[in-house]
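Data block below; observations after.
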Amino acid sequence: MRARTRTATRAVALAAVATLGAGLLAGCADDGKNSSGSSDGGSSNGKTTITLGLFGTMGFKEAGLYTEYEKLHPNIKIQENVTERNENYYPALVNHLTTNSGLMDVQAVEVGNIAEVVNTQAAKLEDLSKVSGVNKSDWLDWKWQQATTKDGQTIGLGTDIGPMAICYRKDLFQKAGLPTDREAVGKLWAGDWNKFVETGKKFKAKAPGGTYFMDSPGGLLNAVLSSEKDKFYDASGKVVYKTNPAVKSAFDLTATAAQQGLVGAQTQFQPAWDQTIANSKFATVACPPWMLGYLKGKSKPEAAGKWDVAVAPKSGNWGGSFLTVPKSGKHVKEAEAFITWLTAPAQQAKLFAVQGSFPSAPAAYSSAAVTGAKNEMTGDAPIGTIFANAAKAIPVQTIGPKDQIIQQGLTDNGVILVTKGKSPAEAWKTATKTIDNNLEQ
């Protein structure tokens, strides 16, 4: 999931929330028409119309990139077809790929689905590594590899990523007797998520009444797992989440935090969780760039400037997407040229400046849009630099085709139960049973 906002002067969004594909936000599926109301993907007024199938608010239109490209190419018209939730978008995309019909010229794929698309649908998609102007070196290595098949075909060009930091409330830290300077805060837990939980214990000892150290058990578990090199699948594609010590360790650490009352009892991106943001009920949250937009959208005005951003115990990634070109599209060559331009470092920097979508192109990190980025919620925090440094340290992680199912099982059917009185062992048993049923194992 991701949150987006728009402003010309701040790098991270201030309002609207959209998905980075976890299907967690309320919304409705699209009606099958493009943004202009037409379902025709052919030509308009003698122009070639390139159609895009997207989910959530990916921000290209909002950042003015379609308009800019149309000015550069007067013979091209861009139309997007948007489905609000990835959980509605992705099954339809798989169906269209399977039948090789009903596809847009460009189709977006969320990072949690890219492995399945690479493994099962690559034959239906263009190899973008062969397109003129596409240079592998423009992307972070791990981002490029996520959309590349074993035989070397790259079927998606990366848009944004979600480098992880920790957003924290300076006022709540101060009341709990903890440091508030971002560098000092980062040192509290540097290199170890166990130190993060230990800091939570110190916070709880003097915390304002009714507040928690971290927002939710799911948020903590996701953050820990996002920083692990090996997670749910091994390199051969085998499901190993039950036998991977890193997964069980992350689960147990989160369960301990839940037992000790260090995390709230809510599920992220649900109304009850939104209320904890509005009422300042937690002091920290795992924080990719798009989370700042979500915090802004759900906070009361007086929360502005009370947040800051510290380095996470370990770098991780939460979010990201890709653009693909189906071979059956009506305008394959035009679509390839368009997304080559759209995902170039310069355009990724522009997207970040307006929408808060952090670039997957390292060349963008030295641009003024990134280095000078500020956010209303975090005041003078150099968020662009913080997130850029985190991005460079993200581990190359094996992404499996059913990562989302496993992740959701561990959080929504697992660690959340500990906040409701279940033991960690009972929560683990329920989670694994749910996951295995969904995986049909």
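The values are calculated or read from the model by the stated rules, or taken from the named source; none is laboratory data. What you see is a predicted model; the values in this text were computed from it and never measured. Note that each Cβ is placed from the backbone with ideal geometry, even for glycine, and that neighbours are counted across all protein chains shown.
Of all residues in the range 78-95 being of a type in the set (Val, Ile, Thr) and under 21 Å from Val332 (Cα atoms), which is farthest from the chain's Cα centre (by Cα)?
Ile78
For the range 140-167: of the residues being assigned to a loop (DSSP other than H, G, I, E, B) and closer than 30 Å to Glu376 by Cβ, which is farthest from the chain's Cα centre (by Cα)?
Within the range 140-167, the match that is farthest from the chain's Cα centre (by Cα) is Leu140.
Find the residue count for the range 207-228, including only residues that are more than 17 Å from Gly191 (Cβ to Cβ) and either free of Cβ contacts under 8 Å to residues at least 24 places away in the same chain or of a type in the set (Gly, Ala, Ser) (or both).
Total satisfying the criteria: 6.
Can you tell me which residues in the range 153-182 are more than 23 Å from Gln260 (Cα to Cα), touching a residue at least 24 places away in the same chain (Cβ under 8 Å) and surrounded by fewer than 24 Cβ atoms within 10 Å (Cβ to Cβ)?
If the condition is that a residue be more than 23 Å from Gln260 (Cα to Cα), touching a residue at least 24 places away in the same chain (Cβ under 8 Å) and surrounded by fewer than 24 Cβ atoms within 10 Å (Cβ to Cβ), then Gln153, Thr180, Arg182 are the ones that fit.
Tell me, please, whether a residue that is within 24 Å of Leu157 (Cα to Cα), assigned to a strand (DSSP E or B), modelled with pLDDT of 95 or more and of a type in the set (S, T, N, Q) can be found in the range 319-332.
Looking through the range 319-332, at least one residue is within 24 Å of Leu157 (Cα to Cα), assigned to a strand (DSSP E or B), modelled with pLDDT of 95 or more and of a type in the set (S, T, N, Q).
Could you list all residues from the range 186-234 that are surrounded by fewer than 22 Cβ atoms within 10 Å (Cβ to Cβ), closer than 18 Å to Ile394 by Cα and among the basic types (Lys, Arg)?
The answer is Lys229, and nothing else.
Just one of the numbered conditions (1) assigned to a loop (DSSP other than H, G, I, E, B); (2) modelled with pLDDT under 95 is not true of Asn113; which one?
Condition (1) is where Asn113 drops out.
With a cut-off of at least 2 residues that are within 30 Å of Asp436 (Cβ to Cβ), name the helices (runs of 4 or more DSSP H) lying wholly within the range 226-314.
So the answer is 245-259, 271-278.
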